[in-house]
Amino acid sequence: DRLISVNDRSNSDRLKIPIAQMLKKLQQTKWLLLTMFAASIGGTFQYGFNLTIINAPTIFIQNFINETWTERYGTQLESWVITLIWSFIVIAYSVGGLIGSLIAGPMAIQFGRYEL
């Protein structure tokens, strides 16, 4: 097997690495970079999509919160209170998604997967 000398920066010695091993490492690195790129694009798309879903009805939900509060208690909420309540709703949406994703696998294992 042919060998290639590679200079190790931490040590002045030269390492001898077989060409086949070096090509295998290069191919693994290529697949790793491709996987990282695909995951980053997919994650960014999902994040943006979910932001759009939660932000689209913002005005309608804030108006609903204010109208409901007014009907029940006879006073209107200040804008910062409505924003605070809306922030808790958005947080609950995100935390619910996190908890759901964490328990979905164990629940499928525990209770089985049912066909519809």
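Of all residues in segment 91-112, those that are assigned to a helix (DSSP H, G or I) and more than 29 Å from ASN55 (Cα to Cα) total 6. Do you know which residues across segment 23-54 are open to solvent by less than 80 Å² (accessible area, probe 1.4 Å) and over 30 Å from ILE91 (Cα atoms)? Within segment 23-54, THR29 is the sole residue that qualifies. Evaluating ASN11 against the criteria (1) farther than 22 Å from LEU98 by Cβ; (2) modelled with pLDDT under 90; (3) assigned to a helix (DSSP H, G or I) leaves one unmet condition, (3). Against the criterion of being open to solvent by 80 Å² or more (accessible area, probe 1.4 Å) and not charged (D, E, K, R), LEU102 qualifies.
Give segment 64-77 a look and list any residue that's more than 20 Å from ILE91 (Cβ to Cβ) and either open to solvent by 80 Å² or more (accessible area, probe 1.4 Å) or assigned to a helix (DSSP H, G or I) (or both), or say none. Listed by number, the residues that qualify are GLU67, THR70, GLU71, ARG72, TYR73, GLN76.
The values are calculated or read from the model by the stated rules, or taken from the named source; none is laboratory data. Keep in mind that what you see is a predicted model, and the values were worked out from it rather than measured. Neighbour counts are summed over all protein chains in view; Cβ atoms, including those assigned to glycine, are modelled from backbone coordinates with ideal geometry. We work out accessible area using only protein heavy atoms, side chains counted, and drop any ligands, DNA or RNA first. Shrake-Rupley method; radii C 1.70, N 1.55, O 1.52, S 1.80 Å.
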